[in-house]
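> Structure in structure tokens, see below.
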Amino acid sequence: MAFQIGEMSTEQLLDAQAHVWNHLFSFINSMSLKCAIELGIPDIIHNHAKPMSLSQLVDALPIPKVKSHFVYRLMRLLIHSEFFVKVDVSDEEEKEHYWLTPASLLLLRNAPLTVVPLVPLILDPIFTTPFDYVSKWLASEHHYSSPFEMRHGRKVFEHAGHELGVNKLLNEAMSSDARLLTHVLVRDHKQVLEGIKLLVDVGGGTGATAKAILDAFPDMKCIVLDLPHVVGGLEGTDNLSYAAGNMFETIPSADAVFLKWILHDWNDEDCVKILKKCKEAITGKDMGDTKVMIIDMVLDIYGRDDKAVETHLFFDIAMMSYINGKERTEKEWAKLFFDSGFTSYKITNAFGLRSLIEVYP
């Protein structure tokens, strides 16, 4: 039976209030991170080459010095969020200095594995305002596929096809993610690509993933399949080519099909359609060597790691709100594979919050 307010102890009552407050204001974490990146704080500290005091940081920022105390308050929150760390420097007048953490190293604009392009994409009003429409969308009898479509009148990929700025944000964000992921793939899981002569990267964007794979496997050939507005005008090389097309209609024949962060964009019915096209693409090859490689989230593999579980659930609601997609449990993934005609699969927890799923015909 549920608690009644009158039955709560004072501690329970105030803890409940604090819990509500924490969730109401949690968006400030994201917006403070966005502010730090827009001001260039990670790069400024990195370029200083050693921990910086508050006054040194303020001098380097494009802001009036009278606002130094506000910078202190911003940094205090970002330290709590583990984007920066406070270091004591005993031989200087200002003892407290700021230094980088592993997370802020990924926020350097020109770092090879930067994730900075994700920030203006995820926190752009185009992608945040649909969350204001979730309750209205759920209650509506109109057949909008998502809150995004209800807000903007078009689905995400249609919108990107009409708005060059949105298309640019998407391509840059996906390219940055591809560089980090393929860095891990070819460094720690290279064996999953061995023996593949022809790979097709479905929804491969501008080719960042394919290029990184081909750097590690120069004898391989790779086809990047994506929509015309994504790959239009892109030039290939001897072992890299671009195909403008629709994965629901046809996927080029290959030894293996690669799907990075694709299937969570779609509902179950559409995923089965895509997977059947993937199976057609590898049919007729040496069945012992063919497979579909999927990089996506598997919801139920982290046990009691609350932070990982929460991030997975954030992504699930984001997919619902952007494009009527979803994150899936292993049981849900398995059903998709078997409904599509595949016989077996293997999940490797390879990429932090995402997994590598190898699916066999």
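> With respect to H264, determine if the residue is in the same structural domain as H159 (by the TED database), in contact with a Gly (Cβ under 8 Å, 6 or more places away or on another chain) and part of a helix (DSSP H, G or I).
Yes; evaluated as a whole, the condition is true for this residue.
> Give the residue, chosen from D226, D305, D255, that is surrounded by fewer than 23 Cβ atoms within 10 Å (Cβ to Cβ) and over 19 Å from Y345 (Cα atoms).
On inspection, the qualifying residue turns out to be D305.
> Quick one: how many residues across the range 203-256 are part of a loop (DSSP other than H, G, I, E, B) and among the small types (G, A, S)?
Total meeting the criteria: 10.
> Which fully enclosed helices (runs of 4 or more DSSP H) of the range 125-188 have 3 or more residues being buried (at least 17 other Cβ atoms within 10 Å of the Cβ)?
It comes to 147-152, 156-162, 164-188.
Listed here are the residues, each with its yes/no results for (1) of a type in the set (D, E); (2) in a strand (DSSP E or B).
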{"position": "F258", "(1), (2)": "no, yes"}
{"position": "I274", "(1), (2)": "no, no"}
{"position": "E310", "(1), (2)": "yes, no"}
{"position": "L313", "(1), (2)": "no, no"}
{"position": "G325", "(1), (2)": "no, no"}
{"position": "A334", "(1), (2)": "no, no"}
{"position": "E358", "(1), (2)": "yes, yes"}
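> Here is a follow-up. Could you count how many residues in the range 317-342 are among the charged types (D, E, K, R), in contact with a strand residue (DSSP E or B) (Cβ under 8 Å, 6 or more places away or on another chain) and under 22 Å from S146 (Cβ atoms)?
2
> Taking helices (runs of 4 or more DSSP H) that fall entirely within the range 1-90, which contain at least 3 residues that are surrounded by 13 or more Cβ atoms within 10 Å (Cβ to Cβ) and within 32 Å of the chain's Cα centre (by Cα)?
Helices (runs of 4 or more DSSP H) meeting the threshold: 27-39, 41-48, 54-60, 68-80.
> Looking only at the range 306-343, count every residue that is over 13 Å from L275 (Cβ atoms) and touching a Leu at 6+ places or on another chain (Cβ under 7 Å) and tell me the total.
So the count comes out to 5.
> Would you pick out the residues in the range 244-260 that are touching an Asp or Glu at 6+ places or on another chain (Cβ under 9 Å) and without any contact (Cβ under 8 Å) to a residue 24 or more places away in the chain?
Of everything in the range 244-260, those that are touching an Asp or Glu at 6+ places or on another chain (Cβ under 9 Å) and without any contact (Cβ under 8 Å) to a residue 24 or more places away in the chain turn out to be A244, G245.
> Still on this model: For I301, indicate whether it is out of contact with any Gly (no Cβ under 6 Å at 6 or more places or on another chain), farther than 28 Å from K197 by Cβ and assigned to a loop (DSSP other than H, G, I, E, B).
Yes, satisfied.
> Separate question: Test of understanding: among K307, K285, which residue is at pLDDT below 95 and within 27 Å of D255 (Cα to Cα)?
Step by step, each of K307, K285 is checked, and only K285 is at pLDDT below 95 and within 27 Å of D255 (Cα to Cα).
The values are calculated or read from the model by the stated rules, or taken from the named source; none is laboratory data. In this text the structure is predicted, and so the values were computed from the model without any measurement. Neighbour counts run over all protein chains shown; Cβ positions are idealised from the backbone, glycine included.
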